[in-house]
Amino acid sequence: MQLRYYLIRRLLLMIPVLIGLSIITFVISHLVPGDPIRLAAGPQARLEEIEALAREFGMDKPLHVQYLNFMKGLFRGDLGRSMLDHRLVRTDLVRYFPATLELVLVSMTFAVIIGIPVAVASAVYRDRWPDQLSRIFALSSISMPRFWLAIMLQLILAQYLRLLPVSGRFDPRTPFPCHRTGLLLLDALLALDLKSFGLALKHIALPAFCQSLTALALITRFLRADVLETLHKDFVMMARASGIPEQIILFKYVLKNALIATVSMLGFLFGFSLGGSLLIETVFDWPGVGLYAMKSAMALDFQPIMGITLFIGFLFTLVNLLTDAMYGVLDPRIRYG
Amino acid sequence: MDPREFDRVCKLLDEFKAGRISRRQFLRLAIGGSTTVLTAILAACRPARPEPMVAPTPTAVLKPAATPKPAIEPQLLIYSGGQDIPTIDPSDRTDYSIGASTRAMYDTLFWEEGFPPELKPMLCLDYEVSDDAKEWVFHLTDKAIFRDGSPLTAEAVEYSFRRTLRFRKPRSNALLPIMTEESVKAVDDYTVKMTLTDPYPPLPRVLTQPIMDPKVVKDHEKAGDEGAEWLIEHEAGSGPFVIKRWEPGTLYEFEAVPDYWGGWPGKGHLSGFIWRIIRESSGRRIALLAGEVDIVDTIAVDDISLVEEASGYHIEEHPGFLTGYIKMNNQREPTSDVNFRKFVAYAFDYEGLVTYLGGHGPLLTGCLPDGVPYHDPNVQPIYRHDLEKAREYLNKTQWKDGGIELDYVYVTGLEFEEQIGLILLEQLAKFNIKVNLVAKVWPDMVAMSTKPETGADMMMVFTGYDVITDRWFEDQWYSGVWDRPEGGGYPSASFFKDQEVDALIMKVKVTVDEAERARMFKELQRMIMEKLPEVPLYVMPNILGFNDRVKGYKYRGLIAVDFWPLWIEE
Amino acid sequence: MAAEVAEVLRPREWLGRWREENQGRIEEWRRGVYRFRQSTLSIVGLAIIIFLVIVALTGPYWVPYPEDAVGALHMEERLHPPSRAHLFGTDEVGRDIFTRVVLGTQISLKVGMMILVVAISIGVTLGGIAGYFGGAVNETIMRLTDIMLTVPGIFLALAITAALGPGVTNAMLALSIMWWPGYCRLVQAQVLSAREEDYVQAALSIGASRPRIIFRHILPNIISAIIVKASMDIGFAILNLAALGFIGVGAQQPVPEWGAMISYGRKYLPNWWWYSTFPGLAMFLTVFGFNMFGDGLRDVFDPRARR
């Protein structure tokens, strides 16, 4: 099937793309004017200590050798070590990633659940007040700086009204029952612990909401255009003419197409959410990859920077691949020749 | 005898005398204590004089029996800071947050109390020093035990110091110049002898090494790393707290060891504490006032009034040792001209800075903060905002009409450093000198400070050396620190080189006579203020917000909070 | 003398001939403007943009405290609430926030536009080359684009600014690098499909050279798509600049950039709320205006999207 060939081709293409990404990240991290080795060694370090540290991190070798060593380590699954605290990048990534993943998943779910009905309503009541309202809302959400909205909401809801917690992923006093997947909501459900589930939900509500706004706006806008197109298609007119009630037309034909269209956008939305998570994580002290990336960037700790960039790049490419595949499966009209 | 133990037995005695517990119960409860048992038994066995049986008057019957004051229930405390605890390996390094957590989990030879900090015995009960300040003998307590109950002996002390010296990481910086591994020797189970390579009178002050359990460290050794990997997130100590949860980036939870060998200094103690990370200072303040946390660290100056005004909360403000200097490049024009440097020192608006800091930030008198031993409060000259004097000194230079540009480098995102830059900008603009505010990330600034060629014209640096006076001078103004092949660090970013100063710094390090040292340090302060390698500004205040229910806080300096003496009482 | 020159040049004839040649295009334009006028929101967007441009250009002449944007400090007036003297209040060193917000308009608009100019220059050139020449050239350039698009832009921008050092210039550079792949892809797709169109074949058949075809025939048709994308992107560029300012690697003191101001003001919430609020509102207004305008433009150029 052509889909299979397309997918295989895409998978193979992923490799040079990722290699290219690794080269670019390597160049950025290494040709920096700072000297992270000296920082890690401390102000009183003697020459021998600085050199020893440089040797430990392989920085005494020429650049291309360093790059090759890094790639070799990559195949072994070794992403290197942070220079500041000597922690393995791999360990830290595994530790911080579930938080970001959970945030992105919850926010996207929310965006999809709210976005699809709004988009359909927007299209059906075109140019009337539901449409205008949703257009203003969508444009407003995209125009607002997310971090500003996050701060404002944190202020109003967390401090003044005390409805939601200020920051963090979970109540520090309560120990969490078990840590199986790292996704707190899922873990709580698996352990049938409703109290923990409630706590986790309370903590993720505000960050996920702020995160979801842009995705929500995008889904609303793009889906509306799609649904409008579908509504004017011949087969819908035919169905109407045959006397099929409007509800069924909506649910059976329009919604299905809408879902398929959303799937095609998922990859893009995922990447977008991942990028935006950096700011949200800063505002809400959410211990995710974004926060980890920022700490490392500020300290010019290039091993984590490279590890994070490659990991995210890999993830993003994979998600795009999967959504394209899903789209191809769902919509038989697509030919990937 | 331990006074608290005595109290406890006396209370039990009262109970027994009042007839509320039987003799058997009294013996059982009293024997649960330690060496006071014999005294207690003797006291209890004395025949109790029976109360005369009086016809109970109505009021006497209704009078409620005096209940003994209940012991304070240990509770959990939540502390919030903005910094991570990246590693707790006692041989690696220490900073504000690492220091606080290692203090909770490990014991050291001495501990410091009060401000200025006074040395008090901890693991070391007393010590002797030879006349030439090279031979030291430390006598350890026999009470200290590790987690498995085994005693903490001189062997552990010897191992801990040697491991740190071997690792050659920042924690060894103060030790390496004066000792080698062989310097530290366990003479017997509770005596350690240190033979220094050079005389060093303030030695006890730099013996802040946390003492590790060698067995535990060796048990977790991996590929010859001496436990380095494991010790990043685990502890091998003897201190009052153990680790319960370790989640980097989020929180660290510690649990109290109820029968800690060193006892608990306060009326009560904590059952444990949680170190919760909230990165933004306003977030911390919000959490404190919402009752989510009990102590918040480093809140903004403007938050002080908010916390003070709220009932049930208070502020603890202490001067600390973290001192800010505007380091000027002494090896490049125009800052290489001492008159130009003095011009900058007179032009700076110190009062404006104090206003910005809300009055919280004592200006330096001289080049050392208050509280450092041998600080001379009458040192001359000192510099304050005086535009006329500034003009006078500028005219002595070759740039009296200005027309030049200078870079002021500071850490990106630190507002108070930005503020100082803005003040410089505004004041120097009056003399037709342009100041460029250049923000950099800290690693960049460290790299710049290695050599004068790459050094900034002016750079804002905060640094501190506790009460070890000679280090204040050596690390910042001794030319040997930067004038060497590998370059220097950020404290010496002024690249100051003066033969007189160099000689005196080296001399005072090895001088043992107290009066001589005092005289030399006084002279050094005068020389630094006269030659003015940089502009000494202010001491960063250590401001913490407390929920009133937290008791027993004592300021420690250089680390965040000492949790050992704290307890919670509503 | 003027009359003689006019005789020789015959401008009216030129105008007439130009009108004839471009009859179709002028008609389309007329229809487009009509459709644009139909949408209230788009007009509002345009009005906002014009207002902002006027503010940006004239601001320095009428702001009440211009010295507050270049380094003046007034410690006695710190953190004053909004009042007649200070419409938006003062910040932690007594500077007038209204002045700084107004002068920040200039910075945001200027930097936003420059980011796009650089990104478009690079993107259109590369995209044009890729689309036109196809084959291996196309593949290479497209792979390069893919690489740049694998990581969410802000990560890359953060790494670059941290490495090069904080500041508006470096932030601008980092963001331009982040933005060009979008335009490259857009142009490449358009050129690729335009290549097969009849008019291109016709031009080729009468011997038109390649650059001529690209510039005179293909590009004018895709300019509309580029303009639509650019008008929406300016808003996002400004938002991203503000995000970098918020993190701390964008504009530095005393530059009055909105994102940086929101970041400083965060410490003073909630009691001194005006510090973060007004720059945020200004940014919202700006980006909203551009987005509305861009939305309207898209309807103008591609009526099918409206249906």
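Each reported figure results from applying straightforward, stated rules to the coordinates on display, with no laboratory input. As the structure is a prediction and not an experimental result, all values here were calculated from the model. Note that each Cβ is placed from the backbone with ideal geometry, even for glycine, and that neighbours are counted across all protein chains shown.
Counting other Cβ atoms within 10 Å as a rough exposure proxy, the listed residues C:W18, C:W179, B:W477 run C:W18, C:W179, B:W477 from fewest neighbours to most. Looking at the protein assembly as shown, the DSSP beta bridges with both ends there are about 75 percent antiparallel. Axis of helix B:514-531 versus longest Cα principal axis of chain B: the two differ by about 40°, to the nearest ten degrees. For a straight C-alpha distance cut-off of 18 angstrom, the lysines reachable from B:K396 (same-chain residues fewer than eight places away being disregarded) are B:K342, B:K430, B:K531. Fewest-first ordering of C:C184, B:C124 by other beta carbons within 10 Å of each residue's beta carbon gives B:C124, C:C184. Toward the positive end of the charge dipole of chain B, about the Cα centre and with charges on Cβ (Lys, Arg +1; Asp, Glu -1), which of B:W111, B:L353, B:F146 goes farthest? Farthest along the dipole direction, towards plus: B:F146. For B:Y313, the residues 5 or more places off, or on other chains, whose built amide H falls under 5 Å of its own are B:D548.
With the cut-off at 30 Å, tell me which of the pairs B:K193/B:K509; B:K434/C:K229; B:K193/B:K215; A:K295/B:K451 have Cα atoms farther apart than that. Intermediate results must be reported in sequence, preceding the final value.
Values: B:K193/B:K509 21 Å; B:K434/C:K229 41 Å; B:K193/B:K215 22 Å; A:K295/B:K451 27 Å.
Checking Cα-Cα distances, B:K434/C:K229 exceed 30 Å.
Span-like helix criteria (full DSSP H runs; alpha carbon extent of at least 27 Å along the helix axis; mean Kyte-Doolittle hydropathy of at least -0.5) are satisfied in chain A by A:2-30, A:89-124, A:194-231, A:255-284, A:302-330. Taking the longest Cα principal axis of chain C as reference, the axis of helix C:219-247 is set at about 20 degrees.
Farthest toward the positive end of the dipole of the protein assembly as shown, out of B:S97, A:L84, C:F133, is the Cα of C:F133, where the dipole comes from beta carbon charges about the Cα centre.
Between 0 and 90 degrees, the angle of helix B:154-167 with respect to the longest Cα principal axis of chain B falls at about 30 degrees. Annotation: amide H of B:W111 within the under-5 Å range of B:K120, B:M122, sequence separation 5 or more or interchain, hydrogens built in the peptide plane. Within a straight-line Cα-Cα reach of under 20 Å, A:K233 can be paired with the following lysines, leaving aside sequence neighbours fewer than 8 residues apart in one chain: A:K252, A:K256. Once you have a ≥ b ≥ c as the square roots of the Cα gyration tensor eigenvalues for region B:147-235, tell me rounded if a/c is under 1.5, and otherwise prolate or oblate according to whether a/b is larger than b/c. Cα axes put region B:147-235 in the oblate bin. Note on chain B: along the principal axes its Cα atoms extend 101, 58, 49 Å, ordered by decreasing extent. The smallest convex shape that holds all Cα atoms of chain C, its convex hull, gives 207 Å³ per residue.
When you count the other C-beta atoms within 10 angstrom of each residue and take the mean per peptide, B:168-176, C:41-49 line up highest first as B:168-176, C:41-49. Averaged over peptide B:244-251, the number of partner chain Cβ atoms lying within 10 Å of each residue's Cβ comes to 6. For region A:89-330, the equivalent ellipsoid derived from the Cα gyration tensor has semi-axes of 36, 21, 18 Å, listed largest first. With 21 Å as the limit on Cα-Cα distance, the pairs of B:K120/B:K554; A:K72/B:K169; B:K120/B:K143; B:K440/C:K110; B:K389/B:K497; A:K72/B:K222 that go past it are A:K72/B:K169; B:K440/C:K110; B:K389/B:K497; A:K72/B:K222.
Counted by neighbouring Cβ atoms within 10 Å, the residues C:H80, B:H375 run from fewest to most as C:H80, B:H375. Here the dipole of chain C is about 640 debye; that uses its Cα centre as origin and unit charges on the Cβ of Lys and Arg (positive) and Asp and Glu (negative).
For a protection proxy built on the mean count of beta-carbon atoms within 10 angstrom, sort C:60-69, B:264-273, A:57-66 highest first, please. Could you put the intermediate results ahead of the total?
Details: C:60-69: 15.8, B:264-273: 19.3, A:57-66: 12.9.
Packing order, densest peptide first, comes out as B:264-273, C:60-69, A:57-66.
Note on A:152-162: average number of Cβ atoms from other chains within 10 Å of each residue's Cβ is 4. Secondary-structure-derived ellipticity at 222 nm for the protein assembly as shown, considering helices only, amounts to -17500 deg cm²/dmol, per-run term -39500 (n - 2.57) for DSSP H runs with n ≥ 4. Here is the tail figure for region B:321-541: Cα pairs spaced more than 24 Å apart come to 40 percent of all pairs. Dividing the alpha-carbon radius of gyration of region C:231-284 by the rule-of-thumb value 2.2 N^0.38 Å gives 1.11.
Counting only Cβ charges, +1 for Lys and Arg and -1 for Asp and Glu, the dipole size of region A:179-330 around its Cα centre is about 300 debye.
Each of B:I315, C:G245, B:V441 was scored by the projection of its Cα onto the charge dipole of the protein assembly as shown, and the greatest displacement toward the positive side belongs to C:G245; charges sit on the C-beta of Lys, Arg, Asp and Glu. Might you report the magnitude of the Cβ-based charge dipole of the protein assembly as shown about its Cα centre, with Lys and Arg at +1 and Asp and Glu at -1, to the nearest 20 debye? Charge dipole of the protein assembly as shown: 4680 debye, to the nearest 20.
Rg over Rh for the protein assembly as shown works out to 1.03, both radii taken from alpha-carbon positions and Rh defined as the Kirkwood radius.
Per residue of A:279-288, other chain Cβ atoms within 10 Å of the residue Cβ number 4 on average.
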